[in-house]
Amino acid sequence: GARQQTNLCNESLMLEKLPACGKSFEEMMKKVDTKKWCNLTEFIMYYDNFTQCTEREANNASCFWPNPLAEGFITGIHKQFFSNCTSEKVHWEDPPDEILITLILIPVMLTCAMITLVVWCSKRSDIL
């Protein structure tokens, strides 16, 4: 039968070509104010070009994308440009005591009122 030829990943070629993608991204990022490096909308096109470049170079070297070596390179770029971009964690606080007590007492009081109403109605069978 027909035999399918498989191309082996040329990792050294890929690793040789990926820095050109990083250099191009670095040049494009110089156009963005460093204070805006954490705002993806400011450089999304540059980042898209960067990822397409890394994918193209990996494919040209007969490597799948992403692969551990390409991911390592991309992680290095992330560390270089986005290491100061931390996600802000929401700090939850309890509401003031007056509001908290109200939020607790309303359902408790409604429950007591409903129980009282049910008991009272059950004892007054002449109403039903």
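The values are calculated or read from the model by the stated rules, or taken from the named source; none is laboratory data. These figures come from a predicted structure and were not determined experimentally. For neighbour counting, all protein chains shown are included, and Cβ atoms are generated from backbone atoms with ideal geometry for every residue, glycine included. Remember, those area values only see protein heavy atoms, side chains included, never the ligands or the DNA or RNA. Shrake-Rupley method; radii C 1.70, N 1.55, O 1.52, S 1.80 Å.
Key figures
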| read-out | value |
| --- | --- |
| Some residue of the range 76-86 being out of contact with any helix residue (DSSP H, G or I) (no Cβ under 8 Å at 6 or more places or on another chain), loosely packed, with under 10 Cβ neighbours inside 10 Å and outside any loop (DSSP other than H, G, I, E, B) | yes |
| S122 being among the small types (G, A, S), part of a helix (DSSP H, G or I) and either more than 29 Å from the chain's Cα centre (by Cα) or at negative phi (or both) | yes |
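Conditions tested, residue by residue: (1) open to solvent by 80 Å² or more (accessible area, probe 1.4 Å); (2) in a helix (DSSP H, G or I); (3) at pLDDT 90 or above; (4) out of contact with any strand residue (DSSP E or B) (no Cβ under 8 Å at 6 or more places or on another chain).
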{"site": "D48", "(1), (2), (3), (4)": "no, yes, yes, yes"}
{"site": "Q52", "(1), (2), (3), (4)": "yes, yes, yes, yes"}
{"site": "V90", "(1), (2), (3), (4)": "yes, no, no, yes"}
{"site": "T116", "(1), (2), (3), (4)": "yes, yes, yes, yes"}
{"site": "I127", "(1), (2), (3), (4)": "yes, no, no, yes"}
